[in-house]
Each structure stands twice: as C-alpha cells, then as structure tokens.
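Please treat every number below as a calculation from the coordinates, not as lab data. None of the values given here were measured: they were computed from a predicted structure. When we count neighbours, we look across all protein chains shown, and the Cβ atoms used for this are built from the backbone with ideal geometry, even at glycine.
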Amino acid sequence: MLRLHGGQSVDLSSYRTRATPAGPPDKAAGLAATARMGEHLAGLQERLWAASTAGDRRRVLLVLQGMDTSGKGGTVKHVTRPLNPSGCRIRAFRAPTPEERKHPFLWRIRRALPEAGEIGVFDRSHYEDVLIARVRDLAPHREIAHRYGEINRFEQSLADDGFTIVKCFLHISYEEQRRRLLARLDNPAKHWKFNVGDIDDRDLWPAYQKAYEIALERCSTPQAPWYLIPADRKWYRNWAISKLLLEHLEALDPQYPKADFDMEESRRRLLAQAPDPGARL
C-alpha cells in the first residue's frame, strides 16, 4: 500500500501525512506490534549474517529521506534497536566534505555500502544530490537531470550484486515540522539538533516538495521502489518501516549454512578431553 510504482505521477499534497494505511488501530497497538517484530527481525538478521559466512552475498540497504524533522534519526534509533550492532552499518550523510567534493557524487555513497550479510541504513543518501542540489542550485540543471539516470543505473548494479534496497520517504506536513522545530527550541536537551537554517528552508517548502516529487517519480524502479511513509505519527512511521524491513528479510529467507565438518567426530573429541588441567582438585 505504501509502494510507489515506476512512472507513477506523484503529487505529495494528495497523501495524508497523518494517515495510517494498513497499520494498527492506535498508538498503543502500534508500539506493541513494533516491539513484537523486534525478535523476528533479530533472528532474520542473524541468519543473513550467518549465510554470508558461507558465501551468500546478499545484504539489505535501508534508505531514509525526508524533510528536516521528518524522523530519519528517530527511525534509525527505533527500527534498528532489536538488531545486533555488529551486523549493521549506519551512515548519516551531511554536507559533502572538501575531499568528497573532489569526486563524483556517488563516490562517498559507494564507500558506505554494507558488506555481504549486513543491514545498512542511510540517514539521507545520494538523493541529496538531486534534492538540495536542485533547490539550492548547487549544480547545473543539466547535470542534475543526468543524475536521475545515474542513480537508477547505480541502484540496478547494487541489486545485481545481491542488494535488497528499501527506500523510504518520510512524509510530514508543514505544520508538523513547525511543531517539531518549536519542541526543539523548548527543550534544552534538543538545542543541539536545532539549525537556524531550517527556518530559512521552510520558505523553500514548495521547491523541496517539487524536488521530492520528481525524484520519487523518476527513481522508483522495480529493483529499488520508493515507499511513501506518512510520518506525522511517529509510532506509525516506526511500525511501517519495521514492517517493510521485516517483509523484505522474510522474502530473502536467509538460511543458516550447513555444517562442513564431522559433527559426531567433533562431539567425540570434546567429550574425550581430560578435565580442566587448571581446575582445583
């Protein structure tokens, strides 16, 4: 229900940001359902990692995009909480460093990709180079237009190499963003998250919405579709993305590798070993 299909025209104003399609009936039920998914997610993650030790190259990449305060960081915290950190690779992309600016825009993305058996999470991603770059005129329009095709070819190459790509656009309203920014101002523990530039960016809201619509239309492909997540309700956002991640891992159905050693012989040797020579008598 949340998936956007390739070639589909996208009008973000037609999607309700407080909707809860296919979700639990209320917040309490949503929190409980998300918690129940945690154990299953952890088990599938372990199987994915175990399978990689036997040569399985599959891995998962969760891409999170959205306006400031849409909850990318909160999603990372809540959705990955049940997972084993050693099997996760999380990267938050900020403005490119001077070194990164010397390279093509996908260079820093390639360096952050998860390895076989891992679950990678991108807080922002390569899409910044067709979003903020478009709104802020950080690159020629012809170059930005070319980047959509580059992104599609890049994601196709990842899919061909065993990646499962789950791209989520966290869709919040203009008024909800205002409430969240005000909440940051009211809480000293959140002041570090407040950026005065976010107020200026609110003046560019229509331009950002248009940039997202174009990216969602041009870069939702069979191998890497976009999912539009109503994000005004944080509990629903976390439930929906946890559910998507779970469904994709279930579809992969990774298996523990079979033993490549003689189990009975190993058991016999262990049982035949003398007692601990350092133990007290």
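For the reader, a short list of remarks on this structure follows.
- Under-5 Å amide H pairs with Thr221, H placed in peptide plane, nonlocal only: Trp226
- Proximity of backbone amide H atoms, modeled 1.01 Å from N, is registered between Leu62 and Gly120, Val121, Phe122, Val166 at under 5 Å, excluding neighbours fewer than 5 places apart on the same chain.
- Short-range pairs are left out: with C-alpha atoms under 8 Å and at least six residues apart, the relative contact order of the chain is 35 percent.
- Listed residues Asp201, Asp129, Asp262, most fluctuating in the chain (Gaussian network, C-alpha, under 10 Å): Asp262
- Three-way shape label, segment 5-110, alpha-carbon gyration tensor, a/c 1.5: oblate
- Dipole moment magnitude, nearest 20 debye, segment 130-245 about Cα centre, only Lys, Arg, Asp, Glu C-beta charged: 380
- Dimensions in Å of segment 228-276 - Rg and Dmax from alpha carbons: 22.6, 63
- The residue among Ser52, Leu270, Pro25 whose Cα reaches farthest toward the positive pole of the charge dipole of the chain, with charges on the beta-carbon of Lys, Arg, Asp and Glu, is Pro25.
- Three-way shape label, segment 198-281, alpha-carbon gyration tensor, a/c 1.5: prolate
- Cα gyration tensor category, rounded, prolate or oblate, for the chain with a/c compared to 1.5: prolate
- A Cβ-based charge dipole, computed about the Cα centre of the chain with Lys and Arg at +1 and Asp and Glu at -1, lands at about 600 debye.
- Karplus-based coupling profile of segment 224-239, in residue order and whole Hz: 8, x, 8, 10, 9, 9, x, 10, 5, 9, 4, 4, 6, 3, 5, 4, with θ = phi - 60° in 6.51 cos²θ - 1.76 cosθ + 1.60 and x standing for Gly or Pro.
- Fluctuation leader among Ala95, Ala112, Ala35 - the chain, Gaussian network, Cα springs under 10 angstrom: Ala95
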